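Input: a single structure, listed below in structure tokens.
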Amino acid sequence: MTLNIILLGPPGAGKGTQAVRLEDEHGMVQLSTGDMLRAAVKAGTPIGVQAKAVMDAGELVSDEIVSGLIGERLDQLGSDVSVIFDGYPRTAAQAQALDGILSARGRKLDHVIELQVEEDALVDRITGRFSCAKCGAGYHDRYKLPKVEDTCDVCGSHEFKRRPDDNEETVRTRMAEYRAKTAPILPIYEARGIVTHVDGMAPIDEVNDAIETILATAGQSVHPAPVIEAPRGTG
Ligand code: AP5
């Protein structure tokens, strides 16, 4: 069964971390507008040039640009490929655009999984984040270190990098953008009965287990939105 799910949550909630797990475990494809925009910045495309200053400031790139990227990326996938939207939609206009993008491609939105987190923990998560410069595998100074010091678990590279927008000041702006523009789209999906809330403060493996439980019941009604409890911890 083909699934189309949204991982929703503020910066640092663990959307990317969990999306990569779902790719590995289920062959789903992660559609991260943040990753697409960073690739455009790196390649110096017109979209990248336009997006760079906005991203560095922690503000939102235009709805037209990100919805265009999502449509293009979906067109490159087979209709039988299950997808995880990570960091999209982020505004009511994007949520509306996504409905059209999906229906034009014979898809429908199955689930919205909201990762619920305490804002105070997010600055710590984001400022401690780094990734492999070669393969992009994600790590954290305290919560997810490479198994062998300074060596990527996945590709063995010794080079790592940090995102330019992962500083405290920009993170605070990103959180304010989330509160003002993204959190308000949740009720749209709650009204459709497709939202499940997951405790994103639990360790990474336990958040993953909670999401697995949701996927295992995919196709069943989840209204009213339940809370999947997972023990608290630091991953
Ligand atoms: P984007 O790349 O989407 O960034 P974000 O939403 O701010 O999300 P992050 O990637 O920071 O967090 P995440 O939830 O993926 O957390 P992660 O798993 O890495 O967007 C960047 C920018 O692009 C935006 O500011 C905007 O300018 C632009 N943009 C993108 N999409 C857009 C759109 N649709 N519209 C307009 N503009 C757009 O985890 C964080 C860290 O915590 C990691 O180190 C991880 O190891 C650790 N961690 C994860 N889970 C746990 C856990 N359970 N316990 C302990 N540590 C954990």
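The values are calculated or read from the model by the stated rules, or taken from the named source; none is laboratory data. The model shown is predicted, which means the values in this text are computed figures rather than measured ones. All Cβ positions, glycine included, derive from the backbone under ideal geometry; neighbour counts span all protein chains shown. When the accessible area is computed, the model is the full protein with side chains, heavy atoms only, and any ligands, DNA or RNA have been set aside. Shrake-Rupley method; radii C 1.70, N 1.55, O 1.52, S 1.80 Å.
Leu31's amide H: which non-local residues (gap 5+, or another chain) put their own amide H closer than 5 Å, with H modeled 1.01 Å from N in plane and none for Pro or chain starts?
Amide H to amide H, under 5 Å and 5 or more residues apart or across chains, Leu31 pairs with Ile84, Phe85, Asp86.
Just going by the charge dipole of the chain, with Lys and Arg at +1 and Asp and Glu at -1 on Cβ, which of Gln116, Leu7, Val61 is farthest out on the positive end?
Positive-most Cα among the choices belongs to Val61.
Toward the positive end of the charge dipole of the stretch 1-103, about the Cα centre and with charges on Cβ (Lys, Arg +1; Asp, Glu -1), which of Pro46, Leu102, Tyr88 goes farthest?
Pro46
Mind checking the dipole of the chain: about its Cα centre, +1 per Lys or Arg Cβ, -1 per Asp or Glu Cβ, Debye to the nearest 20? List each step's numbers first, then the result.
Working: 25 positive and 36 negative charges, 100 e Å.
Magnitude of the dipole: close to 480 debye.
With a probe of 1.4 Å, find how much accessible area the chain has per residue, and write the answer as a whole number in Å². All intermediate terms of the calculation are to be shown ahead of the outcome.
Values: 11420 Å² over 235 residues.
It amounts to 49 Å² per residue over the chain.
Using Cα positions and a limit of under 17 Å, work out the lysines in reach of Lys181, with same-chain residues fewer than 8 apart set aside.
Cα-Cα hits under 17 Å: none found.
Quick check on the chain: helices-only [θ] at 222 nm, where DSSP H runs of length 4 and up contribute -39,500 (n - 2.57) each and the sum goes over total residues. Nearest 500, please.
Working: 9 runs with 98 residues, N = 235.
Mean residue ellipticity at 222 nm (helix-derived): -12500 deg cm²/dmol.
So for the chain, taking the charge dipole from beta-carbon charges (+1 Lys/Arg, -1 Asp/Glu), which of Ser79, Gly27, Tyr189 sits furthest toward the positive end?
So the residue furthest toward the plus end is Ser79.
Compute, for the stretch 1-136, the length of the dipole vector about the Cα centre, with Cβ point charges of +1 (Lys, Arg) and -1 (Asp, Glu) only. Units Debye, rounded to 20. Don't skip to the end; give the middle numbers.
Numbers: 13 positive and 19 negative charges, 79 e Å.
The calculated dipole for the stretch 1-136 is roughly 380 debye.
Straight-line reach from Lys144: which lysines fall under 25 Å, measuring Cα to Cα and dropping same-chain residues less than 8 apart?
Answer for Lys144, where 25 Å is the Cα cut-off: Lys15, Lys134, Lys161, listed by chain and number.
Keeping every protein chain in place, order Leu60, Leu102 by accessible area at 1.4 Å, biggest value first, i.e. largest first.
Correct descending sequence by accessible area is Leu60, Leu102.
Let's test this: bin the Cα-Cα distances of the stretch 1-132 at 10 Å from zero up to the farthest pair and state each bin's percent.
Going from the shortest bin to the longest, the percentages are 11, 42, 37, 9, 0.
Which order do you get for Asp80, Asp209, Asp56 if you rank them by accessible area with a 1.4 Å probe, largest at the top?
From most exposed to least exposed: Asp80, Asp209, Asp56.
7 Å from Cα along Cα→Cβ at both Asp56 and Asp35: what's the point-to-point distance in nm?
Output for this residue pair reads 2.5 nm.
If eta is 0.692 mPa s and T is 37 °C, what Stokes-Einstein diffusion coefficient results for the chain, Kirkwood Rh from Cα pairs, in µm²/s?
This corresponds to a translational diffusion coefficient of 180 µm²/s.
With all protein chains present, how much of the accessible area of the chain (probe radius 1.4 Å) comes from carbon and sulfur, to the nearest whole percent? Walk me through the numbers before you get to the answer.
On the way: 5960 of 11420 Å².
Ligands and nucleic acids excluded, carbon and sulfur give 52 percent.
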